[in-house]
Amino acid sequence: MEILKDDNPAAERTADFCAYTGSGSGKSYPLGATIGCGGVNFSVYSKNSSSMELLLFDSATVPLPSRIIPLDPKRNRTSHYWHVFVPGLRVGQIYAYRAHGPFEPQRGLRFDPAKVLLDPYGKAVAVPERYDRNAASRAGDTTATAMKSVVTDPRSYDWEGDLPLKRPFSRTVIYEMHVGGFTRNPNSGLPQEKRGTFAGLVEKIPYLKDLGITAVELLPVFQFDWQDCPAGLTNYWGYSPISFFAPHHAYSSDKDPLGVLDEFRDMVKTLHRAGIEVILDVVFNHTAEGNEHGPTLSFKGLENGVYYMLAENGASYADFTGTGNTLNANHSIVRRMIVDCLHYWVEVMHVDGFRFDLASILSRDQNGCPMANPPILRDIDSDPVLAGIKLIAEAWDAAGLYQVGSFVGDNWKEWNGRFRDDVRHFFRGDDWSVRNFASRLLGSPDIFGHEEREPEQSINFITCHDGFTLNDLVSYNVKHNEANGEGNRDGNDFNLSWNCGVEGATGDPYIEKLRNRQVKNLLAMTLISLGAPMLQMGDEVRRSQHGNNNAYCQDNELSWFDWTLPDRHHDIFRFASYLIRRRVDLEPAPEAPVESLNQILRRSRIEWHGVRLNQPDWNDDSHSLAVTAWSLDGRLVYHLMFNAYREALGFQLPRLSQETSSGWRRVMDTFLESPYDICPWGDAPRITDPGYLVQPYSIVALVTLVRRT
């Protein structure tokens, strides 16, 4: 039998597998289900189980397996791996495991042969209509109600020469988005079957191109348990993974269990053709199995004490995530699984990068103590397959470990929570904010300067999925999470928001104009600061969640993108799009040498001012700042003025030589209505006065071109 190979290393390993499939006992490697010559090899890790059964199903809907294959401890076990080769099986075969062994929670053992278990290395998932999370949480058989894994073949897709784009961070603008929520709204204009799917996202790529972003950061697309939520609601965000290698089945318009694979890859390939990278928000800190009262779906029933950090009594779980359990990421078995998973998504699914949710948990040992050199972080950081792949850390966890500016490794970028907070402080007019604001504008050298990294070490954002939208940040003083069914107790109370005078929606034109201005101020700060900018889906058109700052369980129009907004708030879209394009176009060419933040700041000429030249007001009650900055090549001079005060302020302007300068031109004033708020150089009005009146809560940007002498 001829085995076709392509340029995919993972596919080559699959093809090579035919050479050593051997007898029906199978092999311990590769883990998961691997197509071989005339059948499929299955291998799964379970150290403390006494026996294992492989269950084969004819479809996702049947309540019972068509075949049960008991694995012999002598014939089908090598070390801690159970394996078997089953001839005659093909791609699309649905399977699962039952693991037998002691149920001794005090020792961390939770084997329950009544529970049907997903393969941790399964590449696709079949979900029965009767799936029931609660059934997996109580005593009794789950054969009819459990998710099952599906045999796949990595060679089965034609990438047509596609490869990850590897765009440098200096030319990257990230758009954090939810695959389902982006197109699920009926007003998306898509047919029903494409709404909320990877295929639906493809249909909206022209919108992303018009906006100008260069990368989408997709909220979790690993198969997750949507029932991991309060009764009557849905886990919408997807931070509840149960199968790390499998794309979420509900994001496919093709309901065949294998259809989601091609649909995901079609999306990646089409986004790449549009010049847009794909970054996955990955959750390697916990799973959907919850605490000791949670369901047994996979890891808990295969080797509970290996996959999870357990409390001292062994019967309960260490919880550094706020979700009930914590993945034991620095155990050798879990480390291997994580790295293998990242390899799969890069080699087989062609993604461009990963954002690691609560990444500081990956620095904890099995007892939860932070480690100076966490093995898993070093493994990822030094891995040759992941070289050039974007690695972004949310460098904190739910138990108080905060590592922004000190995250381990050479290639990690970090979400900058200080940028978010300090910029919010400044623009709502808080005291003690001007010094920190200045630092955030320059790439946060107080946080990252010591590392001698490029300025894009800082991922700059004002909002993300977790918290207020940008519109709500300037429209609500407090959260309004009543729809979540928890008495408004959930969600963060520390929002640093300002409603501009009225709580929620209003028809007051003055307040609406102020809110519009504040939205532009916050977008501008994100896109002009040193660092890599990230925008949240819909902020460019003032998407609102009506004050809900924890919409993880709101799979409805509250969370979905409203496709009437691009017309209603085209001025904001235009403003954001222009800034994005100017940022990307003005960055150095990709082949330009990478400079550290300190190198750029040492080489750049920067002068700070207040309302008077060369007299910056660093006092605690200051609400204004100006800065003059020369580009590295000396051809452009920028003068930026920031006024977060409630009254207009007159700023002195630097004098320019008529012999060497083209004179100041105003390219941005967020107080002005569109299209005068931002404009290209050729249309920008000349400013000849020695001063400029900056209106309340506004940013003004002037530019001049220096003639070469």
statement: When segment 514-569 is checked residue by residue, the ones that are over 21 Å from Glu486 (Cβ atoms) and of a type in the set (Gly, Ala, Ser) are Ala524, Ser529, Gly531, Ala532, Gly538
- request: Collect the residues in segment 277-330 that are hydrophobic (A, V, I, L, M, F, W, C), touching a residue at least 60 places away in the same chain (Cβ under 8 Å) and not in a loop (DSSP other than H, G, I, E, B), keeping them in residue-number order.
  value: Val278, Ile279, Leu280, Val282, Phe299, Leu302, Val306, Leu310
query: Which one is surrounded by the most Cβ atoms within 10 Å (Cβ to Cβ), of the residues in segment 542-575 that are more than 18 Å from Leu190 (Cβ to Cβ) and of a type in the set (S, T, N, Q)?
result: Asn548
field: Single residue of Gly353, Gly322 found to be surrounded by 24 or more Cβ atoms within 10 Å (Cβ to Cβ), out of contact with any Ser or Thr (no Cβ under 7 Å at 6 or more places or on another chain) and of a type outside the set (A, V, I, L, M, F, W, C)
entry: Gly353
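Quick check on segment 57-64. Is at least one of its residues crowded, with 19+ Cβ neighbours inside 10 Å, at pLDDT below 95 and more than 20 Å from Arg98 (Cα to Cα)? Let's see the steps before the verdict.
Taking segment 57-64 first, the residues crowded, with 19+ Cβ neighbours inside 10 Å are 57, 60.
Checking which are at pLDDT below 95 leaves us with 60.
Checking which are more than 20 Å from Arg98 (Cα to Cα) leaves us with none.
So far as segment 57-64 goes, no, none of its residues is crowded, with 19+ Cβ neighbours inside 10 Å, at pLDDT below 95 and more than 20 Å from Arg98 (Cα to Cα).
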field: Condition broken by Ser475, with the remaining ones in (1) touching a Cys at 6+ places or on another chain (Cβ under 8 Å); (2) assigned to a helix (DSSP H, G or I); (3) of a type outside the set (Val, Ile, Thr) satisfied
entry: (2)
Candidate set: segment 357-366, residues that are among the charged types (D, E, K, R) and assigned to a loop (DSSP other than H, G, I, E, B); chosen: the one nearest to Asp410 (Cα to Cα): Asp357
task: Report, by residue number, each residue of segment 681-694 that is outside any strand (DSSP E or B) and buried (at least 17 other Cβ atoms within 10 Å of the Cβ).
output: Ala684, Ile687
message: Give all pairs with beta carbons closer than 8 Å in which a residue from segment 433-452 that is in the same structural domain as Glu414 (by TED's automatic domain parsing) meets a residue that is basic (Lys, Arg); count only pairs at least 6 apart in sequence or on separate chains.
response: Asn436/Arg418; Arg440/Arg418; Ser444/Arg418; Ile447/Arg418
message: Six or more apart or on different chains, Cβ atoms under 7 Å: show the pairs whose first residue is in segment 658-678 and among the polar types (S, T, N, Q) and whose second is in a strand (DSSP E or B) and modelled with pLDDT of 95 or more.
response: Thr670/Ser698; Thr670/Ile699
message: I'd like to verify a number: residues in segment 331-347 that are under 19 Å from the mean Cα position of the chain (by Cα) and either hydroxyl-bearing (Ser, Thr, Tyr) or part of a strand (DSSP E or B) (or both), how many?
response: 1
statement: The residue from Phe264, Phe299, Phe320 that alone is aromatic (Phe, Trp, Tyr), at pLDDT 95 or above and closer than 18 Å to Tyr45 by Cα is Phe299
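Going by what's in this entry, would Val502 be described as surrounded by fewer than 19 Cβ atoms within 10 Å (Cβ to Cβ) and either under 19 Å from the mean Cα position of the chain (by Cα) or of a type in the set (Val, Ile, Thr) (or both)?
Yes; evaluated as a whole, the condition is true for this residue.
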field: helices (runs of 4 or more DSSP H) (entirely within segment 168-244) containing at least 1 residues that are within 21 Å of Asp466 (Cα to Cα)
entry: 179-183
message: Please go through segment 419-438 and give me each residue that is buried (at least 19 other Cβ atoms within 10 Å of the Cβ) and under 20 Å from Glu394 (Cα atoms), ordered by number.
response: Phe419, Arg420, Asp422, Val423, Arg424
- prompt: Taking segment 23-76 as the search range and keeping residues that are aliphatic (A, V, I, L, M) and assigned to a loop (DSSP other than H, G, I, E, B), which one is nearest to Pro113 (Cα to Cα)?
  reply: Leu64
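For segment 653-670: of the residues being of a type in the set (Ser, Thr, Tyr) and either touching a Gly at 6+ places or on another chain (Cβ under 7 Å) or not in a strand (DSSP E or B) (or both), which is nearest to Asp571 (Cα to Cα)?
Only one residue tops the list, namely Thr670.
Rundown of residues vs (1) under 20 Å from the mean Cα position of the chain (by Cα); (2) part of a helix (DSSP H, G or I); (3) β-branched (Val, Ile, Thr); (4) not assigned by TED's automatic domain parsing to the domain that holds His450, yes/no style:
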| residue | (1), (2), (3), (4) |
| --- | --- |
| Met349 | yes, no, no, no |
| Arg355 | yes, no, no, no |
| Gly368 | no, no, no, no |
| Ile380 | yes, yes, yes, no |
| Ala387 | yes, no, no, no |
| Ala398 | yes, no, no, no |
| Val408 | yes, no, yes, no |
| Lys413 | yes, no, no, no |
message: Name the single residue that is nearest to Trp560 (Cα to Cα) among those in segment 204-256 being of a type in the set (Asp, Glu) and crowded, with 18+ Cβ neighbours inside 10 Å.
response: Glu217
query: Within segment 415-457, how many residues turn out to be in a loop (DSSP other than H, G, I, E, B) and among the hydrophobic types (A, V, I, L, M, F, W, C)?
result: 2
Those residues of segment 264-279 which are surrounded by 17 or more Cβ atoms within 10 Å (Cβ to Cβ) and out of contact with any Asp or Glu (no Cβ under 8 Å at 6 or more places or on another chain), in sequence order: Phe264, Arg265, Met267, Thr270, Ile276
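The values are calculated or read from the model by the stated rules, or taken from the named source; none is laboratory data. Because the structure is a prediction, the values reported are computed rather than measured. As a convention, Cβ positions derive from the backbone with ideal geometry for all residues, glycine included, and neighbour counts pool all protein chains shown.
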